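Take a look at the structure set out below.
We did not get these values from a lab; they are worked out from the coordinates using the rules stated. Fair warning: this is a prediction, and the values are worked out from it, not measured in the lab. We place every Cβ from the backbone using ideal geometry, glycine too, and count neighbours over all the protein chains shown.
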Amino acid sequence: KGSRAQVTLQVGKRLTRGLGAGARPEVGRQAIAESQDEVRRVLEGADLVFITAGMGGGTGTGAAPIIGEIAREMGALTIGIVTKPFSFEGKKRARQAEQGLAELRRTVDTMIVVPNDRLLSVVPRGTSFRDALKKADEVLLHATQGISDLIRITGEVNVDFADVRTIMACRGPALMGSGFGEGDNRAQEAAQEAVSSPLLDDVSIQGAQGVLINITGGMDLAIDEVHQISTIIQEEAGEEAEIIFGAVHDPELEGQIRVTVIATGFDDVIRPDFGGQPASTMPHRQVQPQPVAVAVGGGSASVAPLPRVPERVVTRDQIGELDVPTFIRRQMD
């Protein structure tokens, strides 16, 4: 009832009687199976479907993969934006999250995993628990908004749904980052934050086959700033990357710039550690110690896609610990 979404659907009414899945993924699967016809009606005609869920509990872990399968069957570009539990929530919930991620990964085009346990890297010491979770909400918001704004907002340089599909459909591993800047060096700050946020766990976008860039600013956004941002990201990704960028104006961002980067098509797949032997994965940048300044609206998240290329295993230390933002947690079991 507290959702501001225009269309809502309660799944598994007969099974759960509105009581949730009790942190049991099998109940989440049964609930969505009960409501498959309603889900299909809601998704009918959709070109792009975002699946947002908190993994590790019952409803999100069990239902999200089935929703992804339905959306893909209906021809929609399907993007999962999901979270993993905080480490203090216990190993059982973490194992359930990993299993849910593995199932969801097989049903979506691209999957964005938000690393909430690394929020300590981007919030000041002493930040309240509530404000830290709000920062996680912002990461999810900008992950989704960075894609949807490219399609729905007419800009000076337009990017349409076909461009987004080119970069994100069946293109292997992917990463997403966003950055924010203001002042004299705003373009450089926004671009560098987008490709080097601590939330990326120092994973580089180098070697990406495709890069989608969304540059949003006020009416004072200058052509040389667009050039500077694109150049920084191109140099980070490499000369072989296909670059698609859009530039849009937002009156609320006067004097400010927000940059969202989606990089896809890597040779190796980031996979969770289920006990196998570690193998090499995507290249890591050499990071020099330096102060980290986080502006409101900045943030990024690692992306784990469909296993359409040979899979490899990395340790949990390499992919970071992740978890659930506030607005999802309030709806979880």
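Observations on the model:
- Separation of alpha-carbon centers, the stretch 22-77 and the stretch 92-114, rounded to whole Å: 13 Å
- From least to most packed, judged by other beta carbons within 10 angstrom and beginning with the fewest, 138, 235 follow the order 235, 138.
- Residue exposure sequence - 226, 139 - by fewest surrounding Cβ within 10 Å: 226, 139
- 3J(HN,Hα) along the stretch 186-192: 4, 5, 5, 4, 5, 5, 5 Hz, from the Karplus curve 6.51 cos²θ - 1.76 cosθ + 1.60 with θ = phi - 60°, whole Hz, x for Gly and Pro.
- Order of 227, 249, 142 - criterion: other Cβ atoms within 10 Å of each residue's Cβ, fewest first: 227, 249, 142
- When Rg and the Kirkwood radius Rh are both evaluated on Cα atoms of the stretch 34-81, their ratio Rg/Rh stands at 0.95.
- When Rg and the Kirkwood radius Rh are both evaluated on Cα atoms of the stretch 108-149, their ratio Rg/Rh stands at 1.05.
- Size of the stretch 1-85 from its Cα atoms: along the principal axes, largest to smallest, the extents are 32, 27, 25 Å.
- Label positions at residue 33 and residue 242, each projected 7 Å from the Cα along the C-beta direction, are separated by 3.9 nm.
- Once the convex hull of all Cα atoms in the stretch 85-170 is built, its volume per residue stands at 124 Å³.
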